[in-house]
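This report concerns only the one structure given below.
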Amino acid sequence: MTETTAPVGKQYPPVDYVLGREKIREYARAVGETNPLHHDVAAARAAGHDDVVAPPMFVVVYSAEAIGTAMFDPEVGIDMARLVHGAQEFSWERVLVAGEEVSTVMTLDEVRHVETADLTYYVFGATTTDAAGEVVSTGVWTNIVRGAGE
């Protein structure tokens, strides 16, 4: 294993995000989501929600700044020219609706180098809470950096 100086366990400051109705609608259109709960306030309210409902993968919108800050941290040292997407895993405690404010905290959970493949895995954990401090979603972002191939 190659030694790394990346600060495993480092937690980044919370990033706040207010879910906007039009952002939710734009995202839903962009991903082809046709469920009226994501577009129509009346339909969302008829289903018991206060406003339009964010599609589950809207998590990538409200946590984008948090993961970006962590990935571009010079202490982590990710070589962006050699970066490939590994995986994303999320779990949700409840749906979010337009007008809610959430806060996402990112942590560098693991850095692992695999010598035989010359790959380094950077694993970040995300926790998003609502205004009451209740967890609404968690995520794991895995990024892989290819070696120099020498």
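Sort out which residues of segment 108-128 are touching a residue at least 40 places away in the same chain (Cβ under 8 Å) and polar (S, T, N, Q), and write them in order of number. Hits for segment 108-128 are Thr120, Thr128. Taking Leu19, is it under 20 Å from Ala131 (Cβ atoms) and of a type outside the set (Asp, Glu)? Yes, satisfied. When Ala132 is tested against (1) more than 12 Å from the chain's Cα centre (by Cα); (2) surrounded by 17 or more Cβ atoms within 10 Å (Cβ to Cβ), just one condition goes unmet, and that condition is (2). When Val95, Val60 are screened for being touching a helix residue (DSSP H, G or I) at 6+ places or on another chain (Cβ under 9 Å), open to solvent by 50 Å² or more (accessible area, probe 1.4 Å) and either assigned to a loop (DSSP other than H, G, I, E, B) or within 17 Å of Leu19 (Cβ to Cβ) (or both), only Val95 passes. Here the condition is being aliphatic (A, V, I, L, M), touching a residue at least 12 places away in the same chain (Cβ under 8 Å), farther than 27 Å from Tyr27 by Cα and part of a strand (DSSP E or B); of Val136, Val105, Val145, it holds for Val145 alone. Suppose the filter is free of Cβ contacts under 8 Å to residues at least 24 places away in the same chain and either of a type outside the set (A, V, I, L, M) or part of a loop (DSSP other than H, G, I, E, B) (or both); does Gly68 pass it? Yes; evaluated as a whole, the condition is true for this residue. May I ask you to verify whether Val53 is among the aliphatic types (A, V, I, L, M) and surrounded by fewer than 15 Cβ atoms within 10 Å (Cβ to Cβ)? The answer is no for Val53. Among the residues of segment 107-142, those identified as farther than 17 Å from Gly86 by Cα and among the hydrophobic types (A, V, I, L, M, F, W, C) are Ala131, Ala132, Val135, Val136.
The values are calculated or read from the model by the stated rules, or taken from the named source; none is laboratory data. In this text the structure is predicted, and so the values were computed from the model without any measurement. A quick note on method: Cβ atoms are made from the backbone with ideal geometry, for glycine too, and the neighbour counts reach across all protein chains shown. Note: areas computed on protein heavy atoms with side chains; ligands, DNA, RNA excluded. Shrake-Rupley method; radii C 1.70, N 1.55, O 1.52, S 1.80 Å.
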